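The values are calculated or read from the model by the stated rules, or taken from the named source; none is laboratory data. Note that the structure is predicted; figures quoted are calculated from it, not measured. Because the Cβ atoms are built from the backbone with ideal geometry, glycine has one as well, and the counts that use them run over all protein chains shown. Just the protein is used for accessible areas: all its heavy atoms, side chains included, with ligands, DNA and RNA removed. Shrake-Rupley method; radii C 1.70, N 1.55, O 1.52, S 1.80 Å.
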Amino acid sequence: MNPSTMIGIVVSVLLLATVVLFTAQSPLGFVNLPGLAIVLTGTLAATFISYPLREVARVLALTRSVFQRENSFVQEDIGELVELARQWLHGDARTVERTLETTRNPFLRTGIRLVIDNVREEEILDLLRWRIARMRAREYAEAQIFRTMATYAPAFGMLGTLVGLINMLEILEVGDLAAIGPRLAVALLSTFYGILLANLVFRPIAVKLERRTEQRLVAMNMVLEGVSMISRRRLPSFIEATLQSFIAEYPDELGEKQHAERTDEDGAAGAVRQDGRPS
């Protein structure tokens, strides 16, 4: 289980439990199956109308990745690229081919095979960039489906509200006041369900998938740079140092924080010299 997803689920459950237990006379008052059915069926129906069936089916299968722990193989890819660079620098093409047979990353494997085949560097980079662009477009489109569902859910919640209000008006005309409560529950809880699903389910999944895509893009661009340097026969030590910079974390890349602290210290020292005491 992904730890951040687990924390989000626990906090969401605590929030809902607090709302239900401390604001309602009866917790069952927040359970309304007709209102929930209007939101869910309406959102799914609009989604299937908006997108091809194969895309929706693939995206719904992707939801399990949100709950899985994020595995990073970047260090493994760097190690393989450095080892392949060392072998290629020594002109040992057979050893490179044997190493590629056990390589996990198909993107890396494609790039190195093109290097072995003596394809020009520009053509290799064009092909790899095209694969990166295709992956980015496909995965952003998948996340966009969940963003679309987050837009549909509140709208169908409002539809449920209108249905409940119309039914309530008919009951008022008949004069059966005892049936007003259930109709009003459908009206209000439909909007509640729509907002809840949009902001605690659909939109967070979309953000999670987009973040996953960004991490995959960093890894693929790192492999692309490694393949480019292997094609130019750069030294393995230089390749490793360059690739490590893709994943290195610098809390203050531009030194702005240190500059601000130094400025504050200089200003305080100047005030002491001028007054003979701290200001």
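Summary table
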item	result
Sites Y140 and T95 - FRET efficiency at Förster radius 41 Å, r taken between beta-carbons, to 0.05	0.60
L169 accessible area, assembled protein chains, probe 1.4 Å, Å²	110
HN-Hα J in Hz across the stretch 44-55 - Karplus 6.51, -1.76, 1.60, θ = phi - 60°, x for Gly and Pro	5, 4, 5, 5, 5, 6, 7, 10, x, 4, 5, 5
Listed residues R233, R109 arranged by accessible area, highest first, probe 1.4 Å	R233, R109
Vicinal HN-Hα couplings computed from phi for the stretch 98-106 (Karplus, 6.51 cos²θ - 1.76 cosθ + 1.60; Hz; Gly/Pro x)	5, 5, 5, 5, 9, 6, 6, 7, x
Hz values of 3J(HN,Hα) by residue in the stretch 29-34 - Karplus curve (6.51, -1.76, 1.60), Gly and Pro given as x	x, 8, 9, 9, 5, x
10 Å-binned pair-distance histogram of the stretch 79-217 (Cα, whole percent)	11, 22, 17, 14, 11, 10, 8, 5, 2, 0
Cα shape, the stretch 21-81, gyration tensor, a/c 1.5 rule	oblate
